[in-house]
Amino acid sequence: MTSQSGEFCFVDNIDDAVVMLADKSRGLVPIAGATWLIRAPLRKEEVSQKYLSLTGIEALKGITLGKDTVAIGALTTHQDLADTLEGEQQFQGLVSAGGKSANPGVRRLATVGGNICATDFAAADIVTALLAQDADLDIISREGRGSVSLADYLKTRAARPDGELVIKAVLPRTQSVSAHARLTMRAAGDYPIAIVSLYAALDPKGKLGEVRIAVGSVEATAKRWTTLEQALTGQEPAPDQAETIAKEHLGEFTGRDAVDANGKYRVQVLPHLVRLAFVDLREQCERSSI
Amino acid sequence: MTIRLTINGEPRAYDGDPRDSLLDALRGTYRLTGAKDVCREGFCGACTVNIDGEAVPSCLRPMGLLEGASITTIEGISAPESFTPVQAAFVEHDVVQCGMCFPGMVMSMSEFLKRNPTPSRAEVKTAMAGNMCRCTGYEQIIDAVMSIQPVEGAN
């Protein structure tokens, strides 16, 4: 049996990309980093025949550090994300997510947009860290350009409009700190079996004024740990206490079973990851005398 | 579609399926078998090559995205009959056993040392997270990388 050769199309602007992707008769699949798509045969999935490369679209590139927001283009690689935000106090969780995902070679290829849009990829470090930062997504479709919170986008990810593109993630700038804790089966190079990403704004007394905790890889899609956030608000950012309180709120999760770990274990390790994230947070605060 | 790229300094034209991975093109079409076909999912590092200055797994790069790219493989990292400092260090420290991981190790460590010419042992280990070796236990490889003096660099 002879299979047809594939086809790659190229485009240099988002408007044309949306039109081409929305035209179902063309059957185009968007591609950029390609680290998820090219492994389709390993997942026993059909390899698409036609691709639209987004790599030439300037509007999807770069990180803009503004006074009130930070905008991260969808084509930003994990490594570029980590390198660019290194030293930015609020975004150390994102730095860690980008700088420790997968392995060095994959980080130089995999994109923020791919991490957001890969609906079947549960162990997404960047998504979890962006969720903790309360990121919004700048999107475009045939209906026009708009914004949607990452949290809402993730809930509807499998049913988004045809041809929709994520242009960038937009994060509000705040006086805050963040941390990212992940558990792999080996020291490095694996997908994490559980991820906790933490964002905290401390009040004048040094207690948790606003806290956001995002959890990834435990379920099919990353989500906020809202009951723990409520329980920790107003508390000291103490690792031991956070771990103890986390153990009381595990009922919010139904862990997924997969070849690397079962669901029960993924949930079981969450309090430990919460503790690690708060240890990191404390060390950051001590270094910067917050 | 014809994809035009440069491999080890030579201009090449690829007329195969643009979905083919660079790894398959290197090994099957250009007979550059230094990059090894092992995991095919970017985790083992045995297929690492340099694309436009960055060490990346060639199994994850479809040819369709490589128009105009400059590729360097293990075959092209040094002049014939000479070694780069990384290759020389690997030989001197008797690092290579079966040889499957070695080309990828050289490519990754060469690029790493350009960015960080005086790494700590822990930094070398972190940089090697994407290169697996089933033979050596890694310590001699790390010894070899640590032995490279900054004045020489990686290339």
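Read-outs throughout are calculated quantities, based only on the coordinates presented, and are distinct from any laboratory measurement. Bear in mind that the values here come from a model prediction, so they are computed numbers and not experimental data. Positions of Cβ are backbone-derived with ideal geometry, glycine not excepted, and every protein chain shown enters the neighbour counts.
Of note:
- Within a Gaussian network of chain A (alpha carbon springs, distance under 10 Å), most fluctuating of A:Pro41, A:Pro192, A:Pro271: A:Pro41
- For segment A:227-290, the Kirkwood radius over C-alpha pairs fed into Stokes-Einstein at 25 °C and 0.890 mPa s yields D = 192 µm² per second.
- With a 10 Å cut-off around each Cβ of A:105-114, the average count of Cβ atoms from other chains is 5.
- Distance from segment B:49-71 to segment A:52-131 (C-alpha centre basis), Å: 20 Å
- For the residues of B:55-67, the average number of beta carbons from a partner chain within 10 Å of their own beta carbon is 6.
- Here the 3J(HN,Hα) profile of segment A:155-166, calculated from phi with Karplus coefficients 6.51, -1.76 and 1.60 at θ = phi - 60°, is 6, 10, 4, 7, 10, 6, x, 4, x, 5, 10, 8 Hz, Gly and Pro shown as x.
- Förster radius 45 Å - calculated FRET efficiency between B:Asp15 and A:Arg287 (Cβ-Cβ, nearest 0.05): 0.20
- For segment A:41-166, the normalised intensity computed at q = 0.10, 0.13 Å⁻¹ comes to -0.32, -0.54 (log10 of I(q)/I(0), Debye sum over alpha carbons, equal scatterers, no solvent).
- In sequence order, calculated HN-Hα J values of segment A:73-80 (Karplus, 6.51, -1.76, 1.60; Hz; x Gly/Pro): x, 4, 8, 4, 7, 4, 5, 4
- Part-to-part distance (alpha-carbon centres) for segment A:147-203 and segment A:218-264, which is given in Å: 15 Å
- Modelled spin-label separation between A:Leu42 and A:Ala188, with each label point placed 7 Å from Cα along the Cα-to-Cβ direction: 1.9 nm.
- Partner lysines for A:Lys50 [C-alpha distance under 20 Å; skip if fewer than 8 residues away on the same chain]: A:Lys24
- Separation in nanometres of the label points that stand 7 Å from Cα toward Cβ, at B:Thr6 and A:Lys50: 3.4 nm
- Note on the protein assembly as shown: Rg/Rh from C-alpha atoms, Kirkwood Rh, equals 0.98.
- Prolate/oblate/rounded call for segment A:8-66, Cα gyration tensor, a/c under 1.5 rounded: oblate
- Inter-chain Cβ neighbour average for residues B:6-17, partner chain, 10 Å: 1
- Set B:Lys36/B:Lys114; A:Lys247/B:Lys125; A:Lys223/A:Lys264; A:Lys67/B:Lys114; A:Lys44/A:Lys168 screened for pairs whose C-alpha atoms are more than 25 Å apart: A:Lys247/B:Lys125; A:Lys67/B:Lys114; A:Lys44/A:Lys168
- For segment B:57-107: rounded, prolate or oblate by the Cα gyration tensor [a/c cutoff 1.5]: oblate
- Residue-wise HN-Hα couplings along segment B:108-120, as the Karplus relation 6.51 cos²θ - 1.76 cosθ + 1.60 with θ = phi - 60° gives them from phi, are 5, 6, 4, 5, 4, 5, 5, 7, 9, x, 10, x, 7 Hz; Gly and Pro carry x.
- Volume in Å³ per residue [convex hull over Cα atoms, computed for segment B:1-67]: 76 Å³
- Distance between the C-alpha centres of segment B:78-125 and segment B:127-148: 8 Å, rounded to the whole angstrom.
- Global form of segment B:80-155, assessed from the alpha-carbon gyration tensor, a/c cut-off 1.5: oblate
- Cβ-Cβ FRET estimate between A:Arg26 and A:Lys205, R0 fixed at 56 Å, reported to 0.05: 0.45
- Label-point gap, in nm, between A:Lys264 and B:Glu92 - each point 7 angstrom along Cα→Cβ: 5.4 nm
- Less than 5 angstrom separates the built amide H of A:Ser149 from those of A:Leu137, all sequence-distant by 5 or more or on a different chain.
- Of the GluC sites (Glu not before Pro) found in segment B:41-123, the ones in coil according to DSSP and having at most 12 other Cβ atoms within 10 Å of their Cβ are B:Glu81.
- Trypsin sites (Lys or Arg not before Pro) within segment A:1-89, DSSP loop, no more than 11 other Cβ atoms inside 10 Å: A:Lys44, A:Lys67
- Nearest-0.05 FRET efficiency for A:Thr156 and A:Glu236, computed from C-beta distance (R0 30 Å): 0.25
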